[in-house]
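To start, the structure under review is shown below, and the notes come after it.
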Amino acid sequence: MKNGDVLIVMATMIVITAFIAYPFDLVFISALGLINGMYASIVVGTLVNALIVGVVFAGKIRESRWAAIAKITVVWESVWYILSTILGYSPNGTTYAQQSYNGQYGTTLSVSQWITWQVMTVDWYVLMMVALTMVFTIIGLYIGSMLRKPKKT
């Protein structure tokens with residue numbers, strides 16, 4: 001799989017995410033609550049997204065299965081890393097970090113300590129998001145590429 005093919009796959013994954021993310025959010029958040037529903041939506045959305053892409057690009061993925069899956073996953077996780085980092089450092093992310101610290105320890109910190117806590121909170125959030133999406137992207141791409149049979153020659 002060439003780099004140009006990986007970029008086309010990434011663009012396809014972004015478009016699919018744009019179409020399925022909100023409906024999954026609505027379904028899972030209403031059923032499971034805000035936090036658990038969001039994580040469930042991300043897991044199921046990532047799996048469905050990867051399954052669709054695996055089926056659509058099965059021929060290209062099958063050429064060099066694990067190398068292609070690895071390339072797609074690394075680029076897709078880079079997108080999730082950037083998105084998670086931006087969300088973590090948003091004003092609401094800062095408020096979350098402060099509230100989580102106060103809820104656990106109840107003490108005040110200096111400015112430099114708050115910055116360190118914020119970085120640690122964002123690192124934890126990014127690790128969770130990237131780990132979740134990585135596992136289900138690999139599974140979805142592999143299964144999706146297996147669902148479409150190769151053309152007979």
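Read the figures in this text as sums done on the coordinates, not as results from a lab. What you see is a predicted model, and the numbers here were worked out from it, not measured in a lab. Glycine gets a Cβ as well: all are built from the backbone with ideal geometry, and neighbour counts include every protein chain shown.
The largest-to-smallest principal axis extents of the Cα set in the stretch 88-153 are 69, 18, 16 Å. Relative contact order of the stretch 3-147: 38 percent, from C-alpha pairs under 8 Å at least 6 residues apart in sequence. Rounded to 0.05, the FRET efficiency of the R65 and W124 pair, given R0 = 25 Å and the Cβ-Cβ distance, is 0.15. Which entries of K2/K60; K60/K149; K2/K152 show an alpha-carbon separation above 18 angstrom in the structure shown? Exceeds cut-off: K2/K152. Name the aspartates and glutamates eligible as straight-distance cross-link partners of K71: C-alpha to C-alpha under 16 Å, and not fewer than 8 places from it in the same chain. Candidates past the 8-residue exclusion: D5, E63. Compute the acute angle (0 to 90°) between the alpha-carbon long axis of helix 91-104 and the principal axis of greatest extent of the alpha-carbon atoms of the chain; round to the nearest 10°. Its long axis makes an angle of about 60 degrees. Ordering of 31-41, 66-76 by packing is 66-76, 31-41, highest average first (other Cβ atoms within 10 Å, averaged per residue).
Value of Rg to Rh for the chain, rounded to two decimals, is 1.08; Kirkwood radius and Rg both from alpha-carbon coordinates.
Considering only P91, V130, Y105, and ranking their Cα positions along the charge dipole of the chain that arises from unit charges at the beta-carbon of Lys, Arg, Asp and Glu, the one farthest toward the positive end is V130.
To the nearest ten degrees, helix 3-32 and the longest principal axis of the Cα atoms of the chain are 60 degrees apart. With a simple spin-label model that places each label point 7 Å from the Cα along the Cα-to-Cβ direction, the separation between A18 and M134 comes to 2.8 nm. The distance separating the Cα centre of the stretch 71-100 from that of the stretch 1-27 comes to 18 Å.
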